[in-house]
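Input: a single structure, listed below in structure tokens.
Derivation of every value follows stated rules applied to the coordinates shown; laboratory data play no part. This one's a predicted model, so the numbers in the text were calculated from it and none came from an experiment. Here the Cβ positions follow ideal geometry from the backbone for every residue, glycine too, while neighbour counts run over all protein chains shown.
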Amino acid sequence: MAVLEHDEYGFAPGKAFDPVEQSASGTVEAFSPALQEHSLAAEMVEQAHAEESGPSIEDANVIVAGGRGLGEPEKFALVEELARALGGAVAATRAVVDAGWYPYSAQVGQTGKSVSPTLYIACGISGAIQHKVGMQSSKTIVAINKDANAPIFEFADLGVVGDLHTIVPKLTELIQARRG
Ligand SMILES: Cc1cc2nc3c(=O)[nH]c(=O)nc-3n(C[C@H](O)[C@H](O)[C@H](O)COP(=O)(O)OP(=O)(O)OC[C@H]3O[C@@H](n4cnc5c(N)ncnc54)[C@H](O)[C@@H]3O)c2cc1C
């Protein structure tokens, strides 16, 4: 198996985990599927493509993630603006994906994607174990939460206790000003 080049932070190119070498062997068998009546019951009515700009959450070095603490779907704009200022990608918790605030493709966690960016900024995210398993290998985790007892502060490298609606726009403004 080829040896993977790691980046300056020691992360594998896939931004997740190094592949594990397996000793198992398998056989290839020809299979002819037979269509049943119920196999044809579904009909494709439309095909659409989501428009995306910037890096994907699998590739991004910086991820800004939003949770239920945003309060309403429109407030994802705050997270998107901060991500844009940092050249990063936007992620979400299952709570907001289930609520229809953000697409499933952005979900991080047990039933979403596993990510390992250099910087993960969690905005209004409690830090449930099912979310943690998908982002805990991030190099630096910053959490913004108004509840000082939120579980995310137990594993964040830097915690900011306060209202994200005040802190996130201010942070975006400062980064934009610094970047000119
Ligand atoms: C089988 C199973 C699989 C799951 N898979 C996943 C998964 O893949 N990914 C995932 O994320 N979850 C998953 N979950 C759900 C998980 O258990 C949590 O319910 C979810 O992660 C909580 O999302 P949240 O942090 O956005 O919301 P909440 O837990 O409601 O947290 C919101 C946080 O926002 C804070 N807040 C509120 N207002 C503000 C404000 N104005 N400023 C700052 N902070 C504020 C609150 O203090 C709170 O800590 C799964 C659950 C199960 C049972």
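Structure data summary
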{"item": "Most mobile listed residue (156, 99, 50) in the chain, GNM with C-alpha springs under 10 Å", "result": "50"}
{"item": "Other-chain or far-sequence residues with amide H under 5 Å of residue 89's (modelled H)", "result": "62, 63, 64"}
{"item": "Residue with peak Gaussian network fluctuation, the chain [Cα springs, cutoff 10 Å], from 21, 72, 46", "result": "46"}
{"item": "Whole-number percent relative contact order across the chain, with pairs defined as alpha carbons under 8 Å at least 6 apart", "result": "18 percent"}
{"item": "Gaussian network model of the chain, springs between alpha carbon atoms under 10 Å - residue of 24, 89, 77 with greatest fluctuation", "result": "24"}
{"item": "In the chain, lysine pairs with alpha-carbon atoms under 19 angstrom apart (chain gap of 8 or more, or interchain)", "result": "9"}
{"item": "Computed FRET value (nearest 0.05) for residue 157 with residue 72, which takes r as the C-beta separation and R₀ as 25 Å", "result": "0.30"}
{"item": "Shape category assigned to region 84-148 from the gyration tensor of Cα positions, a/c cut at 1.5", "result": "rounded"}
{"item": "Three-way shape call for region 22-180 based on the alpha-carbon gyration tensor, with the a/c threshold at 1.5", "result": "prolate"}
{"item": "Packing-based order for 79-88, 110-119, 28-37, using average beta carbon neighbours within 10 Å, highest first", "result": "79-88, 110-119, 28-37"}
{"item": "Within the chain, percent of DSSP bridges classed antiparallel, to nearest 5", "result": "0 percent"}
{"item": "Fully extended contour minus Cα-Cα distance, from residue 52 to residue 29, at 0.36 nm per residue", "result": "4.4 nm"}
{"item": "Whole-Å distance, taken between Cα centres, linking region 163-180 and region 26-92", "result": "26 Å"}
